[in-house]
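The values are calculated or read from the model by the stated rules, or taken from the named source; none is laboratory data. Please read these numbers as outputs of a predicted model, since none were measured by experiment. Heads up, the Cβs are rebuilt from the backbone with ideal geometry, glycines too, and the neighbour counts pull from every protein chain shown.
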Amino acid sequence: MGPFSTQFHLYRWLRIIFLFATGLVIVINPIKSEDAIVYFVSAYLFIYGLIAIADNIKLYKIAKTDSISMLLGIGSIILSVITLFVARFLISLIPILLGIILIVNGINQFRDSNEDRKFVNVTPWLDYLYSVLMIAVGLVLILNPLDIVRLVFWLFGFGLIALSVFELINTRLYK
């Protein structure tokens, strides 16, 4: 196993540990996990940056040339620090922004369905229902973001755990 395949496995194990730990924390307590998630993401980016810089150093020793790994590593480390300060603010905006987007899309869907009705002599009841549901979900996201965020986080946590299991299976399959 060469030095670069070792680095590849380091990236893969980093992903497995990150996905599983983050997913588990989210599933256990979706709302209070926000701080832990920010720290996990920041740590992931920092460790990823260190591995990328190590990749570049190994490449430089072998081929006497630099690669984009150094730039990615430094950028990842800088992004890990920025994440600590900006992530909480951005997370709090997600439900409101999604709510606005859903309301606008629901209104546009309703308008488009009504316009299409001029060309086709059929009442698009399912399109109307879909539009109303999008508007309703958008309003719920804006007016009661905490419960929706909890549910979405919980589902997201299970998704991350599933991804970590798939990544682990792939690690075993593609040794």
Answer with yes or no whether Ile100 is at pLDDT 85 or above, surrounded by 17 or more Cβ atoms within 10 Å (Cβ to Cβ) and of a type in the set (A, V, I, L, M, F, W, C). no
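Check Val27, Val38 and return the single one that is at pLDDT 80 or above, under 30 Å from Leu133 (Cα atoms) and surrounded by 13 or more Cβ atoms within 10 Å (Cβ to Cβ). Full working, then the answer.
Details: Val38 fails: under 30 Å from Leu133 (Cα atoms).
On inspection, the qualifying residue turns out to be Val27.
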Given the condition modelled with pLDDT under 75, within 30 Å of Tyr39 (Cβ to Cβ) and in a helix (DSSP H, G or I), answer yes or no: does some residue in the range 104-116 qualify? no
Report the residue count in the range 118-149 for those that are at pLDDT below 75 and either outside any helix (DSSP H, G or I) or surrounded by 16 or more Cβ atoms within 10 Å (Cβ to Cβ) (or both). 10
Checked Thr22, Thr83 against criteria (at pLDDT 85 or above and buried (at least 18 other Cβ atoms within 10 Å of the Cβ)); the one match is Thr83
Residue that is in a helix (DSSP H, G or I) and farther than 17 Å from Ile37 by Cα, where the choices are Leu90, Leu71: Leu71
Identify, please: which residue in the range 14-39 is in contact (Cβ under 8 Å) with a residue 24 or more places away in the chain and polar (S, T, N, Q) and is, among those, nearest to Leu168 (Cα to Cα)? Thr22
Conditions (1) more than 20 Å from Val165 (Cβ to Cβ); (2) among the polar types (S, T, N, Q); (3) modelled with pLDDT of 75 or more: number failed by Ser5: (3)
